[in-house]
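Participant: Before I ask anything, here is the structure I am working with.
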């Protein structure tokens, strides 16, 4: 997994709970408390998932709660500093969400070892989008959190629900 995901997670925890809590989470996951998270680095998926589990335990959050917090922070704080053009080039949540697959392809085209999730889309009706999440990682809760963050960013009320095993339903108001 690319380090930028971990960097965002680190920033979220430090901003909301402090550096000591981040160190505690690192240690609980079996990492060194002094681990440096480099945004351009590569991290083993299983280690990242262990870290997410440690975060949930340490902060007493369910995985969906942690994923929602991450999604909101990624969309509305972290990526606004790193990738603002991707947001300003779209005027609605719908337009942005329909471009997510293209964004992943474009952003990772020149990144060595990048294996981003892919997305496919189908319309259930004129207001309901089904997003198919195509990834071996099984992080559907994070897709839900990110979609909710996109709704917040564009100030749109989205109804977002997880459909097992790899789909998310988004109802646009």
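The values are calculated or read from the model by the stated rules, or taken from the named source; none is laboratory data. Since this is a predicted model, take the numbers as computed values, not measurements. In this analysis, Cβ positions are derived from the backbone assuming ideal geometry, glycine residues included, and neighbour counts consider all displayed protein chains.
Participant: Identify all residues within the stretch 9-39 that are within 15 Å of residue 79 (Cβ to Cβ) and either surrounded by fewer than 19 Cβ atoms within 10 Å (Cβ to Cβ) or in the same structural domain as residue 115 (by TED's automatic domain parsing) (or both); write none if there are none.
Facilitator: Hits for the stretch 9-39 are 11, 15, 39.
Here is a yes/no grid of residues against (1) closer than 23 Å to residue 10 by Cα; (2) surrounded by 13 or more Cβ atoms within 10 Å (Cβ to Cβ):
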| site | (1), (2) |
| --- | --- |
| 119 | no, yes |
| 125 | no, no |
| 130 | no, yes |
| 133 | no, yes |
| 137 | yes, yes |
| 160 | no, yes |
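Participant: What is the residue count in the stretch 105-125 for residues that are outside any helix (DSSP H, G or I), modelled with pLDDT under 95 and more than 17 Å from residue 166 (Cβ to Cβ)?
Facilitator: Adding up the residues that qualify gives 6.
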